[in-house]
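The block underneath contains the structure these notes are about, expressed in structure tokens.
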Amino acid sequence: MDAPLTSSPLTSTPLLGLDWVALDTETTSLDPRVARIVEIAVLPGRGIAAEPAGAESHRVAPGVAIPQAATRVHGIDDAALAAAPPFGDVWHRLAPLLTGRILIGHTLGYDIAVLERECGRAGLPFEAPRRLDVRLLAHVVHPGLADVSLDALASFFEVTPGPRHSALGDAETAARLFAVFVPLLREAGIRTLGEAEAACRSRPDVMEAHHRAGYAEPAAAPAASHAAQMRAAEALVRIDSQLYRHRIRDVMTVPPFALPGHTTVAAAVRLMAERGLGSVLVRGETDAPLAPADTGIVTERDILRGLTRYGAGLLERPVSDLASRPVGGLPADAFLYRAAGRMQRRGIRHLAALDAAGEICGMLSVRDVLRPRVGGSFALDDAITAGEDPAELAKTWAGLPLVAGGLVADGVPARDVAAVISSELGALTARAAELAEAELGPPPAPYALLVLGSAGRGESLLAMDQDNALLIDAPPGQDVDGWFAAFGARVADILHAVGVPYCPGGVMAREADWRGTPQSWRHRLEGWIRRARPQDLLSVDIFYDFACVHGAPAPAAALFADAYAATRGHFDFLKLLAEAGGESPAALGLFGAIRTENGRVDLKRCGLFPIVRAARILAIAHGVRAHATPARLDGLAQAGLGAARDLSDLIHAHAILLAEILHQQIEDAGRGVAPSNKVEPGRLDATRRATLKEALRIAAGADAVLHTLLMAQRTPDAGGR
């Protein structure tokens with residue numbers, strides 16, 4: 001399968017994370033073919049916030065007499081420019097400020113055309129930056145506007161204008177309008193630079209008017225030059241896909257080796273040498289499970305530093321004197337790229353691996369992880385876990401399609417890429433929780449923040465929204481819901497701003513139905529089981545996919561086990577759960593052709609959904625406590641349920657459908673089209689079309705497999721899972 005085309009992360013950068021510079025010029029004429037610049041100003045910013053400290057405004061000697069008509073507009077005459085520098089000198093100073101930034105302005109096609117001619121006269125190179133024109137964006141957010149002049153837009157959108165007809169004043173007004181437009185565009189489904197550019201280009205009448213006036217295109221498509229393609233290819237090569245294929249549990253040292261704190265350093269050194277270890281954990285005086293907060297670590301470097309400080313006397317000191325606490329850790333299921341990024345960011349060489357209960361189950365050293373090619377592999381984890389605000393997180397999140405494209409190009413299966421995307425969504429959700437806590441103060445009770453649906457299954461792709469819930473470990477009678485309601489709302493707002501939209505069905509911890517104590521969740525489960533109508537169970541199914549991404553993992557693991565135990569055997573409930581999602585539409589026509597609407601077919605609705613639903617409900621019915629769809633289907637086969645060939649076919653079809661959706665999403669993101677689950681079968685060659693048709697045929701039979709196996713019994717020799 002050919003790798004999909006990708007572009008730079010800039011195209012998929014959320015508007016909230018854009019680095020931009022608002023630009024405006026004052027000139028001698030409205031005709032860009034003869035106009036000369038007399039004043040130019042820039043105002044940098046990011047997202048919806050301008051950076052006034054970086055603003056610059058410069059008068060420019062135009063080299064021609066200024067017409068009185070122009071002076072009447074901007075108030076600048078020949079005398080005012082007697083000591084002004086020529087354009088070339090000013091541009092040498094301003095051009096670097098535009099590097100790596102998007103241009104924001106009003107009627108930018110005019111400014112770009114004038115700048116290009118001025119650079120030509122000065123013998124300077126000019127490459128038009130990517131740009132967003134607030135005049136065009138106004139048409140997008142409010143198509144009925146008759147007057148889109150800068151003054152009219154400021155008045156209509158209630159923006160305080162800067163000083164009119166001064167370059168800096170107009171740049172300030174354009175920047176303020178852009179700040180107003182960002183949330184309005186987001187509500188219209190336009191979240192990224194590429195999507196905003198595509199929306200601006202959707203006004204051919206405006207584009208034609210610019211062309212007739214001699215203006216540059218106000219919203220040019222991103223360049224696809226050979227040099228740009230080579231830079232993108234080099235970026236993909238730097239991704240060490242091995243770090244995205246393997247998890248900590250695959251390479252960690254088990255069991256973890258720990259010594260009591262009173263052990264002498266000499267004894268610790270001897271044991272480390274005998275076992276070939278570069279570090280040792282330091283625990284308390286009991287044999288209790290190793291909790292990161294109560295466990296320290298001593299490394300070879302700690303011992304060398306200790307010798308410098310204490311001399312030979314160090315060897316008789318207790319090892320606890322050298323221990324660093326708490327020991328850093330990551331879940332054993334985390335990918336190696338996350339461990340590598342964490343080590344690099346914190347400057348450490350050892351990490352603890354944590355089990356589902358949050359206890360140390362193994363150790364990981366830098367020797368287990370690092371490879372010669374890992375330099376480009378850390379960016380996502382490092383920036384997401386350290387992002388200080390939504391704008392910074394949004395800028396990092398924009399790199400996800402490029403990473404996905406690089407992994408696909410390197411031959412990583414789509415299922416593994418989906419697991420990486422899900423891992424990043426979990427990390428982003430956890431970081432949103434940390435930022436929300438920083439704003440609201442410490443939580444009044446321990447909690448677990450859960451992701452549901454595809455994120456919990458490890459099957460998220462690039463078209464995602466929020467599905468999350470809260471498990472609040474508070475004792476009965478303690479009223480803590482006010483804090484957690486505000487917390488859930490803030491987490492949802494941060495994720496939405498970064499680029500993970502609100503769930504249309506309201507499956508978010510900000511809603512009372514999706515947060516609660518263990519007791520209230522169990523009561524909720526009992527209520528679901530008693531329901532008599534499928535429509536009462538909408539969105540309930542994805543609860544059974546949940547995974548803890550932040551907070552206390554032990555109560556979450558207990559709730560997951562309780563949910564399966566409470567539901568198993570309630571076949572009437574499970575049948576209603578199967579009906580709650582409705583029937584999946586047929587993807588294949590009478591003669592086997594793929595049915596499309598506007599040239600696309602929704603592979604999630606027609607293909608993935610019936611397979612995922614069948615795997616989930618059958619796993620619940622027969623006690624297969626797995627999260628991922630393939631693992632559930634494989635668990636059913638291992639338990640002797642149904643025909644192994646049927647279940648294997650569903651696993652294969654699931655992989656094909658994931659791959660085709662992911663390829664389309666990567667291509668769409670590169671073109672500035674919002675990723676979706678709809679795929680263009682017309683772009684596929686004959687072999688891929690035939691493979692897709694077969695996957696859709698298998699998916700169409702998933703409901704039959706579900707109904708056949710729902711009441712099936714395990715074979716007598718099949719054990720529990």
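Computed from the coordinates by the stated procedures, all read-outs in this text should not be read as laboratory data. All values reported here derive from a predicted model rather than from experimental measurement. Cβ coordinates were reconstructed from backbone atoms using ideal geometry, including for glycine residues, and neighbour counts include every protein chain displayed.
Overview of values
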{"read-out": "Listed residue (Thr708, Gly17, Ala430) projecting farthest to the positive dipole end of the chain, Cβ model", "value": "Thr708"}
{"read-out": "For the chain, size of Cβ-based charge dipole, Lys and Arg +1, Asp and Glu -1, in debye", "value": "1500"}
{"read-out": "Relative packing of peptides 457-463, 289-295, 17-23 - highest average C-beta neighbours within 10 Å first", "value": "17-23, 457-463, 289-295"}
{"read-out": "Nearest-0.05 FRET efficiency for Gln242 and Ala485, computed from C-beta distance (R0 30 Å)", "value": "0.10"}
{"read-out": "Ranking of Trp514, Trp397 by count of other Cβ atoms within 10 Å, fewest first", "value": "Trp514, Trp397"}
{"read-out": "Span from the the stretch 132-162 Cα centroid across to the the stretch 408-475 one, whole angstrom", "value": "37"}
{"read-out": "Given charges at beta-carbon only (K, R positive; D, E negative), |dipole| of the stretch 243-376 in Debye", "value": "780"}
{"read-out": "By average C-beta atoms within 10 angstrom, highest first, the peptides 265-273, 545-553", "value": "545-553, 265-273"}
{"read-out": "Dipole magnitude of the stretch 15-219, debye to nearest 20 (Cβ charges: Lys/Arg +1, Asp/Glu -1, about Cα centre)", "value": "220"}
{"read-out": "Relative contact order for the chain, counting Cα pairs under 8 Å that sit 6 or more residues apart, in percent", "value": "12"}
{"read-out": "All lysines inside 22 Å of Lys575 as judged from Cα atoms, apart from same-chain residues fewer than 8 positions distant", "value": "Lys604"}
{"read-out": "Gap separating the Cα centres of the stretch 635-664 and the stretch 26-55, nearest whole Å", "value": "57"}
{"read-out": "Listed candidates [x] 16, 44, 29, 8, 2, 0; [y] 15, 41, 31, 12, 1; [z] 15, 49, 33, 3, 0 - label of the one calculated as P(r) over Cα pairs in 20 Å bins from 0, in percent", "value": "[y]"}
{"read-out": "Residue (of His246, Trp483, Ala497) at the positive-pole extreme of the chain, dipole from beta-carbon charges", "value": "His246"}
{"read-out": "Under 12 Å, Cβ to Cβ, from Leu538 - net charge with Lys/Arg +1 and Asp/Glu -1", "value": "-2"}
{"read-out": "Computed over the stretch 583-721: relative contact order in percent, which uses C-alpha pairs under 8 Å that are six or more apart", "value": "36"}
{"read-out": "GluC sites (Glu not before Pro) within the stretch 274-328: DSSP coil, no more than 16 neighbouring Cβ in 10 Å", "value": "Glu285"}
{"read-out": "Folded to 0 to 90 degrees: helix 571-580 orientation relative to the chain principal axis, Cα", "value": "10"}
{"read-out": "Tilt relative to the chain, helix 686-700 - C-alpha long axis, 0 to 90 degrees, to 10", "value": "50"}
{"read-out": "Mean ellipticity per residue at 222 nm, deg cm²/dmol - from DSSP H runs of n ≥ 4 across the chain, formula -39500 (n - 2.57)", "value": "-14000 deg cm²/dmol"}
{"read-out": "DSSP-defined beta bridges in the chain - what % are antiparallel, rounded to 5", "value": "75"}
{"read-out": "Reachable aspartates and glutamates, given that their alpha-carbon falls under 20 Å from the alpha-carbon of Lys693 and they are not under 8 places away in the same chain", "value": "Asp2, Glu583, Glu597, Asp602, Asp646, Asp649, Glu660, Glu680, Asp685, Asp703"}
{"read-out": "Relative packing of 431-441, 65-75, which averages over residues the other C-beta atoms within 10 Å, highest first", "value": "431-441, 65-75"}
